[in-house]
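The values are calculated or read from the model by the stated rules, or taken from the named source; none is laboratory data. Everything quoted here is computed from the prediction, not taken from an experiment. Here the Cβ positions follow ideal geometry from the backbone for every residue, glycine too, while neighbour counts run over all protein chains shown.
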Amino acid sequence: MNMLSNPILHTTLLLIASNVFMTFAWYGHLKNLATTPWYIAALVSWGIALFEYLLQVPANRIGYTTLDLGQLKILQEVITLSVFVPFAVFYMNQPLKLDYLYAALCLLGAVYFIFRS
């Protein structure tokens, strides 16, 4: 079976890639463009966000063939936290906080409730 013939896996992979772009668009300018005017940072962020949308829109369309809207949203939130924490720790040099674990536990509860039948 082709790996990408599974819509949930395909959606997940596209959302991971999308979230990498999103995270850099939203927060990368805080490190890389801290001394530039805000409107330059906004333009650069919009340019990065274009790639996010080029991945996120097809991901949501593919995912919506199998998942309902709530499931799709919770999947995206779990992926967002999974991408954000390494970004914050390794790229932005932020300390790893226990609060990230607590947030992940809350998301696990959300996953349980949204995916239970």
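Quick notes
- Subset of segment 93-117 [surrounded by 10 or more Cβ atoms within 10 Å (Cβ to Cβ) and polar (S, T, N, Q)]: GLN94
- Condition met for VAL78 (surrounded by 13 or more Cβ atoms within 10 Å (Cβ to Cβ) and in contact (Cβ under 8 Å) with a residue 24 or more places away in the chain): yes
- Within segment 1-48, the set of residues being touching a residue at least 24 places away in the same chain (Cβ under 8 Å) and among the small types (Gly, Ala, Ser) comprises ALA17, SER18, ALA25, GLY28.
- Screening ARG61, ARG116 for residues that are modelled with pLDDT under 95 and out of contact with any helix residue (DSSP H, G or I) (no Cβ under 7 Å at 6 or more places or on another chain) leaves exactly one candidate, ARG116.
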